[in-house]
Structure formats: C-alpha cells, structure tokens
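Data block below; observations after.
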Amino acid sequence: MKVFLVFAHIASIGQDQTATAIDSSITCMRPVLSGRLRATARTVKQGRTLSFYECDIADESGRLMARVSATTMTLDEDRSRGRGELYGADTVKAGEEALALDVG
C-alpha cells in the first residue's frame, strides 16, 4: 500500500531528483474478509525536501478499513548521485507502470 504513495511522490519530482521514504505507517481498523476495496490517496503537504501523504482504504460500503501514511524526502542531483546505478535505471518506470495498472 505505501509503495503507491512513494510512486506518487516520485512522479511529482524532477528528472534530476530521486526520493526516499523517511517514515511510513499502516493502521488497520477492521479485518478485510472479502469484497473490493477502494484506496483514496492525498498529498497532505508537499515541500521542497519533505512531503507527507495519506491513503485511506475503504470497503464497498465506504467503511474505513485502514489508513496509510508516508513521509518522503526529495534528494536533489548532488545528494542523489549514484542512486540510479544502485536501484537500476528502470526502477521509476516500473513503479509508474505498476501504479497505472492499479489506478486505471
């Protein structure tokens, strides 16, 4: 669940920037035994360096099942040097494709 929040952040930053998760939390409020779930994500605060996102997971009746939160840090070109080689050039592209499959 939190991976979609990180991909949303990555999609909002520049080509010469990367991002890393600083903190994440999942609070489960009810068990999910069957049925479809809907995830609704929002940007709570997008800053120059730190950004905060939340995502609510609800069942078909609209009951809140879980809440996910994540804090991400944007790394500018100097601080992100070498991260492309560490994680592979296709990491962001793969994440964007996974996000598109789940949202679309």
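Quick check: anything in region 43-57 acidic (D, E), in contact (Cβ under 8 Å) with a residue 12 or more places away in the chain and under 17 Å from D76 (Cβ atoms)? Before the answer, list the steps.
Let us first name the residues in region 43-57 that are acidic (D, E), namely 54, 56.
Checking which are in contact (Cβ under 8 Å) with a residue 12 or more places away in the chain leaves us with 54, 56.
With under 17 Å from D76 (Cβ atoms) added as a condition, the list becomes none.
No, region 43-57 has no match at all.
Looking at this structure, is T74 touching a Lys or Arg at 6+ places or on another chain (Cβ under 9 Å), among the hydroxyl-bearing types (S, T, Y), on the phi < 0 side of the Ramachandran plot and at pLDDT 75 or above? I'd like the intermediate steps shown before the answer.
Numbers: touching a Lys or Arg at 6+ places or on another chain (Cβ under 9 Å): yes; among the hydroxyl-bearing types (S, T, Y): yes; on the phi < 0 side of the Ramachandran plot: yes; at pLDDT 75 or above: yes.
Judged against the criteria, T74 is a match.
Of the residues that make up region 19-34, is at least one modelled with pLDDT of 85 or more and touching a helix residue (DSSP H, G or I) at 6+ places or on another chain (Cβ under 6 Å)?
Yes - at least one qualifying residue is present in region 19-34.
Pick from region 11-42 the residues that are more than 26 Å from M65 (Cα to Cα) and of a type in the set (A, V, I, L, M, F, W, C): which of them is farthest from the chain's Cα centre (by Cα)? Lay out the reasoning, then the answer.
Filtering region 11-42 for residues more than 26 Å from M65 (Cα to Cα) gives 11-20.
So of that shortlist, the ones also of a type in the set (A, V, I, L, M, F, W, C) come out as 11, 13, 19.
Numbers: A11: 10, I13: 13, A19: 11 Å.
Within region 11-42, the match that is farthest from the chain's Cα centre (by Cα) is I13.
The values are calculated or read from the model by the stated rules, or taken from the named source; none is laboratory data. In this text the structure is predicted, and so the values were computed from the model without any measurement. Neighbour counts are summed over all protein chains in view; Cβ atoms, including those assigned to glycine, are modelled from backbone coordinates with ideal geometry.
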